[in-house]
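Participant: Below you'll find the structure I mean.
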Amino acid sequence: MSKTAANDSLAAAPNGAVSAGTSADEPKLILTQRTIWVIFSALIAAMFMSSLDQTIVSTEMPTIVGELGGVSHQAWVTTAYLLATTIVMPIYGKFGDVLGRRNLFLFAIALFTLASVGCAFAGDFWTFVVFRAIQGLGGGGLMILSQAIIADITPASERGKYMGPLGAIFGLSAIAGPLLGGFFVDHLTWQWAFYINIPIGIVAFTITWFTLRLPSHKAEKPIDILGVIFLSIATTCLIFFTDFGGSAAHGWAALETWAIGFGFIAAVAAFIWAEANAADPIIPLSFFRNPVFVNATAIGFALGLGMFAAIAFVPTFLQMSSGTSAAVSGLLMLPMMAGMMLTSIWSGLAITKTGKYKKYPLVGTLMTAVAMVAMSTLTGSTPLWLICVYLFVFGAGLGLVMQVVVLVVQNSVDPHDVGTATSSNNYFREVGAALGVAIFGTLFTNRLFTNLQGVFTDAGMSDQDAAGASATIDPAAMKELPEAIQSGIIDAYADSLAPVFLYVVPFILVAFVVAIFLKEIPLSDEAGMVARGEALAAPAKDTVTNVDSGVSSDPAGDTPLGSGTSPEPLDPALDPVPDQRV
């Protein structure tokens, strides 16, 4: 097609998206830098909503379960959301590749927002739990599709500067969730933790509806229903296995715990069989023959395991050792968030500039391991400023790794499989997180209970009274005890927590060794849609003629993403695009 014909057939669409009026088999869309950032704002909002709701109820839990009558079942508030989110991650990833991501993303936003309304207006505990599970069904899609859509509309060589902020949002929400939850309980009502999602969801839905133009498809092969079923069963068994093993009511020695564990093994075996025989598997086994995918996913798994272990236990230690409130202990986690945001954004920009990524997982895992070793030295007398330094180094290490491995995975697979690969990577990270919290939580609580009993028996209590006091001690109760017992409790917490960080170190070092063998391959200069023939990309510095005015104009300001350029804003309506495919 000639340039003139192309100019005649291309019409500028709203918000900088240029649509083609040519035959149906030609690409339909080209996205400009301006539109990318508008869409990115919706992705940021969606990611923030989803990740925030993983943590915001932690400080609200006593109030919620007390009002709704579910104190003895409060673990379901967290488990329902985590289970639903983890199960649907691979499903959204695969269905997005097969059917298209736009409608799925809109569905996930709507489902999450409506479920938030349901949570806020729930009149009893189990209704609340059901809506939390529905929230998770939407939240899993928001996390996966946000990352996959970025791969659709930006080339890997440019994607780092977008993936970095997405990783920073994950770190921000991990700290902001408990703080906001505590604020709402103290100054408003717990329902505001869910009201807050409504305007954010409406804005994200509106922006997506009007700006995101991704193609829809029809499945050409049978949907892998068996794979979905067996993966869901395996995930459910894994979550309950870790929950039962880490709970005082069951424990790792309980028959029911290991019955669930064997159910997990059987479901995994059935899943592997289903994937080997599926026409279009939900997680292709070929991924595990891709060394880049395997290495990057293993790194994410190990980091997920260590990250959530630290987030779960450090605030408790801070409360007991320094006497801070739950809200203040959350504020003391801000250095971790700052470190994660700083390095996540910086590494993304650096990768975009240089095209090199291997050194970041290497440095990041090493920094994380050093931070874990440093935190294993914590005692009751460790100054808060030094703890904040350790947390900053820990967060900085995570920020160098978490989103980089997602980018690496996306760059290592066929453009048609980018959603499936993204969701698989995130899925195994969530599995690592679940295992980390359960296993290290059990080690921590068992050691803590033994140490606390020793403190109380040394103070003259009977074994029975010491056991009761150990099970019910909290920061408020500790302040009423004699100073000698308070000092013993602080030492008990420090002595119980320090080994947990050392237990994490070998896993982090395994991730470091794996990162050494991570192959650095060139980052693609094509956006996913361009590589799949669903969009056009124009030369970076071509000068075209405006067909209406006949005046030459420089399109550099509105050059589409997909050509690896960094354009400046320009009115897209005055910028016809030549028909070149990259």
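The values are calculated or read from the model by the stated rules, or taken from the named source; none is laboratory data. The model shown is predicted, which means the values in this text are computed figures rather than measured ones. Cβ sites come from the backbone with ideal geometry, for glycine too, and all protein chains shown count toward neighbours.
Participant: Evaluate the following for residue 125: is it touching a residue at least 24 places away in the same chain (Cβ under 8 Å), farther than 21 Å from residue 304 by Cβ and among the aromatic types (Phe, Trp, Tyr)?
Facilitator: yes
Table: residues versus (1) part of a helix (DSSP H, G or I); (2) in contact with a helix residue (DSSP H, G or I) (Cβ under 6 Å, 6 or more places away or on another chain); (3) not hydroxyl-bearing (Ser, Thr, Tyr).
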position: 86; (1), (2), (3): yes, yes, no
position: 90; (1), (2), (3): yes, yes, yes
position: 105; (1), (2), (3): yes, yes, yes
position: 113; (1), (2), (3): yes, yes, no
position: 122; (1), (2), (3): no, yes, yes
position: 132; (1), (2), (3): yes, yes, yes
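Table: residues versus (1) within 30 Å of residue 404 (Cβ to Cβ); (2) among the β-branched types (Val, Ile, Thr).
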| position | (1), (2) |
| --- | --- |
| 105 | yes, no |
| 108 | yes, no |
| 134 | no, yes |
| 149 | yes, yes |
| 169 | yes, yes |
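Participant: Can you say whether residue 374 is surrounded by 17 or more Cβ atoms within 10 Å (Cβ to Cβ), farther than 16 Å from residue 358 by Cβ and free of Cβ contacts under 8 Å to residues at least 40 places away in the same chain, as far as the supplied structure shows?
Facilitator: Numbers: surrounded by 17 or more Cβ atoms within 10 Å (Cβ to Cβ): yes; farther than 16 Å from residue 358 by Cβ: yes; free of Cβ contacts under 8 Å to residues at least 40 places away in the same chain: yes.
Answer is yes for this residue.
Participant: Next question, about the same structure. Based on this model, can you work out whether residue 421 counts as in contact with a Ser or Thr (Cβ under 9 Å, 6 or more places away or on another chain), without any contact (Cβ under 8 Å) to a residue 60 or more places away in the chain and crowded, with 24+ Cβ neighbours inside 10 Å?
Facilitator: no
Participant: Moving on to the next point. Return the pair list, or none, for Cβ contacts closer than 9 Å from residues in region 495-514 that are assigned by TED's automatic domain parsing to the domain that holds residue 371 and surrounded by 16 or more Cβ atoms within 10 Å (Cβ to Cβ) to residues that are among the aliphatic types (A, V, I, L, M) and outside any helix (DSSP H, G or I), at least 6 apart or on different chains.
Facilitator: Here the result reads 497/378; 498/378; 501/378; 511/401, each pair linking region 495-514 to a residue that is among the aliphatic types (A, V, I, L, M) and outside any helix (DSSP H, G or I).
Participant: Any residue at all in region 103-121 that's crowded, with 24+ Cβ neighbours inside 10 Å, over 20 Å from the mean Cα position of the chain (by Cα) and not assigned by TED's automatic domain parsing to the domain that holds residue 357?
Facilitator: There is at least one residue in region 103-121 that is crowded, with 24+ Cβ neighbours inside 10 Å, over 20 Å from the mean Cα position of the chain (by Cα) and not assigned by TED's automatic domain parsing to the domain that holds residue 357.
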